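First the structure, in the form of structure tokens, and then the observations on it.
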Amino acid sequence: VKKLNLKYNFDFSIVRNMKVGIGLKFALKTKPVIYVLSSITKFLDKKSLNDFTGNQIMKFIKWFYHNKIIIGQDVLFEKYLIRKSNLNIVFSKNMLNQVNQLIKIDNRKIKLINPGVDSKRFFKKNNIIIDELKNQIKLDDFIFLILGRLIKVKGIDVAIKAFGRLNIPNTKLLIVGDGPELNNLIELVNKMNLSERVIFLPKTTLPENYFSISDAFLMTSNYESFGQTILEAMSSELPIIGFKADNVNIKTATEEIIDDSKNGFLCENSIQDLANTMQKVMSLSEAEKRKIGKLNRNKVIYNFTWEGFSNEILEFESIKNSPK
């Protein structure tokens, strides 16, 4: 960074990674560093005793090492960068509350700015063919989509259990992504005899194609700082199904983006309520689906753009007053 700064003479830097951010702060010294918080480690990566294997003593040792030492170290780094950054940016009120739970800082050093989504990339495309799905999905199938990293906080096991209660022909649950929970989820699907209806595909560089072939997007996370995939799904004119936040078991910003029963559907954190909501979305008429799709597309175009995000950063006093 020091070498690059000699060449380009940066006015400021924007970082997403806390350790990289600390390095930038030392390298650029007096120049503004803006930290865009993607999540709070303490809430995202914390594990319970049951997440570990072995007897009770071994479980406790592993739990202590992970939660107190590994996460504890990252929390210290996180707090340091939040304090030292000239501006901290969060994408939601939910994330703002999480930062306030972690550390007390001057309100002038933290700002809520809507993130953006590339609406020219994410839009409803017709006649998309995905080779891996040719023999698994029919034209009249109703497809629920989950797309993202397969980790516990995503609540994908809950989605599978809810999907299993539908018992409606021509429905598919498409799960796109990789992660440590993959084998557990495949085992659950096999145990529930859903292998013909639940389809797993690896992480993709073309998520827009999967949004285009789907009929509804599931956000079943119990923790999300925001939920970028929700914006991508909305831009692709899909209705969203997600949980209502209670700030205890469900800490998400879904309710800040979705107006219940208008451009999506929110339900309680239960398998049955999720199943009921999925069935409700399936019963929508074509006209109702089109209306929700247009609402979502327009909401993204007018409220969630990277141009708007960039312009708000450039209005920050330290940036406006920096020499050009």
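The values are calculated or read from the model by the stated rules, or taken from the named source; none is laboratory data. Nothing here was measured: the structure is a model prediction, and the numbers come from that model. All Cβ positions, even for glycine, are placed from backbone atoms using ideal geometry, and neighbour counts span all protein chains on display. Note: accessible area is taken over every heavy atom of the protein model, side chains too, but ligands, DNA and RNA are not part of it. Shrake-Rupley method; radii C 1.70, N 1.55, O 1.52, S 1.80 Å.
Condition check: in contact with a Lys or Arg (Cβ under 6 Å, 6 or more places away or on another chain) and either open to solvent by 30 Å² or more (accessible area, probe 1.4 Å) or within 29 Å of Ile301 (Cα to Cα) (or both). Does Ile110 satisfy that?
Numbers: in contact with a Lys or Arg (Cβ under 6 Å, 6 or more places away or on another chain): no; either open to solvent by 30 Å² or more (accessible area, probe 1.4 Å) or within 29 Å of Ile301 (Cα to Cα) (or both): yes.
No, not satisfied.
Identify, from the list Phe60, Phe77, Phe26, Phe10, the residue that is at pLDDT below 85 and either in a helix (DSSP H, G or I) or surrounded by 14 or more Cβ atoms within 10 Å (Cβ to Cβ) (or both).
Values: Phe77 fails: at pLDDT below 85; Phe26 fails: at pLDDT below 85; Phe10 fails: at pLDDT below 85.
That would be Phe60, the only listed residue that is at pLDDT below 85 and either in a helix (DSSP H, G or I) or surrounded by 14 or more Cβ atoms within 10 Å (Cβ to Cβ) (or both).
Hey, any hits in the stretch 64-73 for a residue that's of a type in the set (Lys, Arg), modelled with pLDDT under 90, open to solvent by 60 Å² or more (accessible area, probe 1.4 Å) and farther than 30 Å from Glu317 by Cβ?
yes
May I ask you to verify whether Val198 is among the β-branched types (Val, Ile, Thr) and touching a Ser or Thr at 6+ places or on another chain (Cβ under 6 Å)? Before you say what the answer is, go through the steps one by one.
Numbers: among the β-branched types (Val, Ile, Thr): yes; touching a Ser or Thr at 6+ places or on another chain (Cβ under 6 Å): no.
Answer is no for this residue.
From the residues in the stretch 80-101 that are open to solvent by 20 Å² or more (accessible area, probe 1.4 Å) and in a helix (DSSP H, G or I), which one is nearest to Leu49 (Cα to Cα)?
Once the filter is applied, the top-ranked residue is Gln101.
Looking at the stretch 158-245, what strands (runs of 3 or more DSSP E) fall wholly within it and have at least 1 residues that are under 22 Å from Ile257 (Cβ atoms) and either within 21 Å of the chain's Cα centre (by Cα) or not aliphatic (A, V, I, L, M) (or both)?
Numbers: elements: 171-176, 198-201, 216-219, 240-243.
Result: 171-176, 216-219, 240-243.
Could you check the stretch 147-164 and list, in sequence order, the residues that are open to solvent by 10 Å² or more (accessible area, probe 1.4 Å) and at pLDDT 95 or above? Even if it seems obvious, please write down each step before you answer.
First, the residues of the stretch 147-164 that are open to solvent by 10 Å² or more (accessible area, probe 1.4 Å): 147-149, 151-154, 157-158, 161, 164.
Matches in the stretch 147-164: Leu147, Asp157, Val158, Lys161, Gly164.
Which residue is surrounded by the most Cβ atoms within 10 Å (Cβ to Cβ), if the candidates are limited to the stretch 291-316 and must be assigned to a helix (DSSP H, G or I) and without any contact (Cβ under 8 Å) to a residue 40 or more places away in the chain?
Of the stretch 291-316, the ones assigned to a helix (DSSP H, G or I) are 291-303, 306-314.
Adding the requirement that they be without any contact (Cβ under 8 Å) to a residue 40 or more places away in the chain leaves 291, 295, 298, 302, 310-311, 314.
Values: Lys291: 15, Leu295: 17, Asn298: 13, Tyr302: 9, Ser310: 13, Asn311: 11, Leu314: 11.
Per the criteria, the residue is Leu295.
Matching residues to (1) more than 24 Å from the chain's Cα centre (by Cα); (2) hydrophobic (A, V, I, L, M, F, W, C):
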residue: Phe60; (1), (2): yes, yes
residue: Gly72; (1), (2): no, no
residue: Phe91; (1), (2): no, yes
residue: Asn97; (1), (2): no, no
residue: Asn100; (1), (2): no, no
residue: Asn107; (1), (2): yes, no
residue: Leu112; (1), (2): no, yes
residue: Asn127; (1), (2): yes, no
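Which ones in the stretch 29-57 are more than 23 Å from Ile250 (Cβ to Cβ), assigned to a loop (DSSP other than H, G, I, E, B), open to solvent by less than 70 Å² (accessible area, probe 1.4 Å) and at pLDDT 85 or above? Break it down stepwise before answering.
From the stretch 29-57, those more than 23 Å from Ile250 (Cβ to Cβ) are 29-36, 52-57; that's our starting set.
Within this subset, residues satisfying the condition of being assigned to a loop (DSSP other than H, G, I, E, B) are 29-32, 52-55.
Filter once more, keeping what is open to solvent by less than 70 Å² (accessible area, probe 1.4 Å): 31-32, 52, 54.
If the condition is that a residue be more than 23 Å from Ile250 (Cβ to Cβ), assigned to a loop (DSSP other than H, G, I, E, B), open to solvent by less than 70 Å² (accessible area, probe 1.4 Å) and at pLDDT 85 or above, then Lys31, Pro32 are the ones that fit.
Just one of Phe163, Phe217, Phe144 is in contact (Cβ under 8 Å) with a residue 12 or more places away in the chain and under 27 Å from Ser48 (Cα atoms); which is it?
Details: Phe217 fails: under 27 Å from Ser48 (Cα atoms); Phe144 fails: under 27 Å from Ser48 (Cα atoms).
Exactly one residue qualifies, and that residue is Phe163.
Just to check your reading of the model, which residue among Gln228, Gln272 is surrounded by fewer than 17 Cβ atoms within 10 Å (Cβ to Cβ) and at pLDDT below 95?
Values: Gln272 fails: at pLDDT below 95.
Exactly one of Gln228, Gln272 is surrounded by fewer than 17 Cβ atoms within 10 Å (Cβ to Cβ) and at pLDDT below 95, namely Gln228.
Tell me, which residue of the stretch 165-191 that is surrounded by fewer than 15 Cβ atoms within 10 Å (Cβ to Cβ) and more than 27 Å from Lys47 (Cα to Cα) is modelled with the highest pLDDT?
This residue is Asn170.
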